[in-house]
Amino acid sequence: MNNSMTDNTDTIVALATPNGVGAIAVIRLSGSDAISIANSVFKGKDLSKQTSHTIHFGSITDGDLILDEVLVSLFVGPRSYTRENVVEISCHASGYIVESIIKLFIKKGARSAKPGEFTLRAFLNGQLDLSQAEAVADLIASNSKASQQVALQQLRGGFSTQLQALREQLVNFASLIELELDFAEEDVEFANRDQLKNLIHEITKIVGRLINSFELGNAIKNGVNTVIAGRPNAGKSTLLNALLNEERAIVSHIPGTTRDTIEEVLNIQGINFRLIDTAGIREATDAIEQIGVQRTMEKISQSALLIYVFDAAEITIEELNKDIESLQNPGITMLVVANKADLLNPEQLSALPHTDRAIIISAKEKRHIDELKHKIYSSAVKDQLSGDETLVTNIRHLEALQKTEEALVRVLGGIDGSITSDFLSMDIKQALHYLGEITGVVTTDDLLENIFSKFCIGK
Ligand SMILES: Nc1nc2c(ncn2[C@@H]2O[C@H](COP(=O)(O)OP(=O)(O)OP(=O)(O)O)[C@@H](O)[C@H]2O)c(=O)[nH]1
Ligand SMILES: [Mg+2]
C-alpha cells in the first residue's frame with residue numbers, strides 16, 4: 001500500500017533545521033537512492049565512490065545554474081540514523097536556496113518526507129525501539145535540564161531494556177503453558193505455578209513502580225501547576241515576587257488587590273513549577289472580585305501543588321483550620337505557609353497553630369524563602385529522583401503499563417483460582433501485548449501514525 005506509514009522503499013527528503021534565515025540549513029535525504037540522487041546534481045567528487053562518514057565540498061547545480069555551494073555529509077547504510085543511505089546537505093540558510101534544492105531532489109526522484117518519517121524509518125529498521133523514538137521527540141522539546149536528562153535516559157534505552165528483560169521471561173512461561181495445552185489430556189504442568197507467581201509478582205512490582213513514576217516524570221516533562229492561595233492580604237503576591245525574585249505582581253495593603261490570576265514559571269533544580277498567584281478567597285464584595293474568587297477555586301482544582309498562605313499575625317486558629325479543611329483535596333499536595341513572621345516575637349511564633357506542619361516565612365523580608373523552595377521541590381520529587389531511575393513521562397506508556405498491570409492481576413487471580421491453562425495463557429498474552437506496545441514489539445499502522453505524526457517534518 002503506497003500511503004501506508006510503513007512504506008519505506010523510496011527516498012525521502014526534508015529540511016532538518018528550522019525554517020527561516022540562519023547561517024546554515026541542513027537538508028536530509030534518506031533511502032536507497034539518496035546518494036545517487038545527490039550525486040546527480042553535485043559538482044565535486046563522485047559521491048558514489050566515497051566512503052561513509054566523509055564530508056565533501058562542492059556545488060549543487062540545476063543544469064547550468066549553480067544553486068549553492070554546499071558541504072555534503074555521507075552516511076552509507078546501515079551506519080546512519082535511519083540505517084538507510086543518508087545524505088545531509090549543508091547549504092546557506094535562505095528560504096529560496098533550500099526550496100530550490102529540495103525541489104531539485106524531488107525532480108530527481110525523491111519525495112517530501114512526512115512528519116517524523118526519518119525517525120519512523122529508524123524504528124522500522126531496528127535502529128530505535130518505539131519508546132526511544134518517542135524520546136527523540138521529547139529530547140527535542142525538552143526545555144530544562146531535568147526533562148533533557150529523562151528523555152536522554154529513555155533514548156539510551158533505560159526503559160526499554162528493563163521491559164524487554166521482563167517480557168522475555170514472561171514469553172518463556174507463555175510458551176511452557178502453551179505446551180501444556182498440547183498435552184491437555186495428560187494433565188501435566190510444565191510451567192511451575194509457584195515460579196510463575198513469583199515472576200508475576202516481580203513484574204507487577206516493577207510495573208507498579210513505573211506507573212508511580214509518572215507523576216514525577218510528567219512533572220519534569222510538563223511542569224507542575226502550583227497555586228498560591230489564601231485569604232486576602234495574606235501576602236500571596238508578595239510571596240510570588242519573593243519566589244521569583246522580581247516585582248511581578250502588584251502588592252498593596254488593600255485586601256482584594258489581586259483579582260485575576262498571574263502565572264510565572266519558577267525553575268527549581270531543573271523542574272518547572274508554574275506558579276499561579278490568585279485572588280484572595282473571601283465573600284466577594286463586588287462582581288469582579290467574585291469572578292476572581294471563582295477563578296481561584298478553578299485553578300486550585302487543576303493544580304498538583306497548593307501553597308496555602310496565611311497571615312500569622314492575623315488569623316485565628318478556627319479560621320486556619322476551616323481554610324485547611326476546605327482546601328484539602330486528595331489529589332493535591334498542600335504546603336501550609338505561615339507568613340509575616342517578622343511581625344511576631346519568638347513566643348508568638350512558637351504558639352502558632354500548625355507550627356509543626358507550617359513553613360514559617362516572611363515574604364516581605366525574604367526570610368526562609370529558600371527553605372520553602374526546597375519544600376516545593378521535594379513535594380514534587382519525593383524521593384524518586386535518584387539519578388538513573390527510570391521515569392515514565394509518556395501518557396501512552398502509562399496507559400499500556402496500567403493495562404499490563406490489570407492483565408497481571410488477572411494472571412495472579414487465575415493461578416490462585418487454578419483456572420485452566422488456556423485462560424491463563426490468554427491473560428499472559430494480554431500482558432505481553434501491552435508490554436510490547438511500549439517498546440514497539442507490537443504495533444499497528446494507527447499507533448505509528450499517531451506517534452510519528454506529532455513529530456515535525458525533517459525529524
Ligand atoms: N510585615 C509583613 N508584611 C507583609 C509580608 N508579606 C506581605 N506583607 C504585606 O501585606 C500586604 C498584602 O500583601 P499582598 O502580597 O498584596 O497580599 P495578597 O495575599 O496578594 O493580597 P490580595 O491580592 O489582596 O489577596 C502588603 O501591604 C504587604 O506589604 C510579610 O512577610 N511581612
Ligand atoms: Mg495579591
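Leaving out ligands and nucleic acids, and using a 1.4 Å probe, what accessible area per residue does the stretch 1-102 come to in Å²?
About 51 Å² of surface per residue is accessible.
In the structure displayed, which of LYS197/LYS375; LYS205/LYS429; LYS114/LYS205; LYS373/LYS459 lie more than 29 Å apart, Cα to Cα?
Going by Cα-Cα distance, LYS197/LYS375; LYS114/LYS205; LYS373/LYS459 fall outside the 29 Å limit.
How far is it, in nm, from the label point at HIS53 to the one at LYS145 when both lie 7 Å from their Cα along the line to the Cβ?
Simple spin-label model gives 3.1 nm for this pair.
For the chain, what does the helix formula give at 222 nm: sum of -39500 (n - 2.57) over DSSP H segments with n ≥ 4, over the residue count, nearest 500 deg cm²/dmol?
Helix contribution divided over all residues of the chain: -14500 deg cm²/dmol.
What angle, in degrees between 0 and 90 and rounded to the nearest 10, separates the Cα long axis of helix 130-141 from the longest principal axis of the Cα atoms of the chain?
Long axis of 130-141 versus the principal axis of the chain: about 60 degrees.
Among DSSP bridges having both ends in the chain, what percentage is antiparallel? Round to the nearest 5.
65 percent
So, counting K/R as plus one and D/E as minus one, what does the shell of residues with Cβ under 13 Å around MET334 add up to?
0
If each residue of separation counts as 0.36 nm, what is the full-extension length gain between LYS403 and GLN290 once their alpha-carbon separation is subtracted?
36.3 nm
Per residue, how large is the accessible surface of the stretch 306-459? Use a 1.4 angstrom probe and give square angstrom.
51 Å²
Placing unit charges on C-beta atoms (Lys and Arg positive, Asp and Glu negative, everything else neutral), compute the dipole magnitude of the chain about its Cα centre in debye, rounded to 20.
The calculation lands at about 1620 debye.
Can you pull the Rg over Rh of the chain, Cα-only, Kirkwood?
Taking Rg over the Kirkwood Rh, I get 1.11.
Any idea what the dipole of the stretch 372-455 comes to, in debye rounded to 20, about its Cα centre with Lys/Arg Cβ at +1 and Asp/Glu Cβ at -1?
Value, rounded to 20: 460 debye.
Mind checking the dipole of the stretch 203-344: about its Cα centre, +1 per Lys or Arg Cβ, -1 per Asp or Glu Cβ, Debye to the nearest 20?
660 debye
Place the peptides 231-237, 442-448 in order of packing, highest mean first, counting for every residue the other Cβ atoms within 10 Å and averaging per peptide.
Top to bottom by mean Cβ count within 10 Å: 231-237, 442-448.
Can you give the FRET efficiency to the nearest 0.05 for TYR377 and ASN172, using r as the Cβ-Cβ distance and R₀ = 35 Å?
0.25
Going Cα to Cα from LYS145, which aspartates and glutamates come in below 19 Å? Please leave out same-chain ones fewer than 8 positions away.
GLU134, GLU215, GLU264, ASP383, ASP388, GLU389
For the stretch 128-182, what is the accessible area per residue in Å², given a 1.4 Å probe and the full set of protein chains?
Spelled out: the 1.4 Å probe surface of the stretch 128-182, per residue, equals 44 Å².
Of the accessible area of the chain, with the probe set at 1.4 angstrom, what percent is carbon plus sulfur?
Using a 1.4 Å probe with all protein chains present, the chain comes out at 51 percent carbon and sulfur.
Report the relative contact order of the stretch 157-264, percent, no decimals, based on alpha-carbon pairs under 8 angstrom and at least 6 residues apart.
14 percent
The values are calculated or read from the model by the stated rules, or taken from the named source; none is laboratory data. If you're wondering where the values come from, they're calculated on a predicted model, not measured in any experiment. For neighbour counting, all protein chains shown are included, and Cβ atoms are generated from backbone atoms with ideal geometry for every residue, glycine included. Just so you know, the surface numbers come from the protein's heavy atoms only, side chains and all, with ligands and any DNA or RNA stripped out. Shrake-Rupley method; radii C 1.70, N 1.55, O 1.52, S 1.80 Å.
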